[in-house]
1. Convex hull over the Cα atoms of the chain, averaged projected area in nm²?
2. Treating the beta-carbon of each Lys and Arg as +1 and of each Asp and Glu as -1, no other charges, what is the dipole magnitude of the chain about its Cα centre, to the nearest 20 debye?
3. Using the Cα centre of the stretch 149-228 as origin and beta-carbon charges of +1 (Lys, Arg) and -1 (Asp, Glu), tell me which of Ser182, Asn204, Ser161 is placed farthest towards the positive end of the dipole.
4. In the chain, what percentage of the DSSP-assigned beta bridges are antiparallel, given to the nearest 5?
5. Amide H neighbours of Ser213 under 5 Å, counting only residues 5+ apart in sequence or on other chains, H built in-plane at 1.01 Å?
6. Can you give the relative contact order of the stretch 25-137 as a percent, counting alpha carbon pairs under 8 Å and 6+ residues apart?
7. Under a Cβ-Cβ cut-off of 15 Å, what is the net charge of the residues other than Tyr212 that fall near it, where Lys and Arg count +1 and Asp and Glu count -1?
8. Count the net charge of all other residues whose Cβ sits under 13 Å from the Cβ of Ala177, scoring Lys and Arg as +1 and Asp and Glu as -1.
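The values are calculated or read from the model by the stated rules, or taken from the named source; none is laboratory data. Nothing here was measured: the structure is a model prediction, and the numbers come from that model. Here the Cβ positions follow ideal geometry from the backbone for every residue, glycine too, while neighbour counts run over all protein chains shown. When the accessible area is computed, the model is the full protein with side chains, heavy atoms only, and any ligands, DNA or RNA have been set aside. Shrake-Rupley method; radii C 1.70, N 1.55, O 1.52, S 1.80 Å.
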Amino acid sequence: GRIDERKDHPLTATYALLVATSNGWLNYRHQADVLKIYQKLKKWGIKDDHIILIIENDLVRNKTNPYPGVLLEANGDTLFKEKDSSKIEIDYITSKIHPDNLIDILTGKESKKLPHVIKGDSTTNIFVFWSGHGKKGSLKWGPDSLDRTFTYASMETLLDSLSKQRKYRKILWMTEACYSGSICKAFEDLEVPQATCITAANENETSKADLYSADLKTYTSNSFTKTT
């Protein structure tokens, strides 16, 4: 494997990238899970300028929503309230950017289109949480009409760029998606130092929805994320 030259570097900052890649009421759980992780990070003291949140944000005004302007957990707790949106800073709408833009976001390549990026270096820890749909070899991105995916090759390019540019100290990447192991296999294949990927499913299995809400008539979480 590669020689790890980062392990003794002091930690100066922690950044998070949170991504919900689906849209629509039946995919409620993906955005809900990402917002749940967002709330946890905020409680642990990570500020919004160190959290990049990417969601479609199409649920609070969805015609199916029995509680307009609000997203709820299965237990009834509020995850998002439109009238109090100051407590949640959404950086990008999923369908407005391309999945390969994550390479620029995670390597700190700021632009007019991507004003919010992670300005990491060899003293920066990065946490990524991804929730959505997947198939073998790719993770779906955005509405069906866009036909966009984040592929194994995309992950290879991303990890290679992060490593060569020394844009991190440690990385923890968690993916909630069917067959997500087929994408995160790149972590092993490239032998990326100080980088770990944990997935809800291996390359040959689906992930599982959990916590169905009879009130909302949709699932509000996935099995993997519920135990995170």
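1. Over all viewing directions, the chain projects a mean Cα-hull area of 12.2 nm².
2. Dipole about the Cα centre, nearest 20: 360 debye.
3. Ser161
4. 35 percent
5. Long-range HN contacts for Ser213: Thr218, Tyr219, Thr220.
6. Contact order relative to length: 25 percent.
7. 0
8. +1
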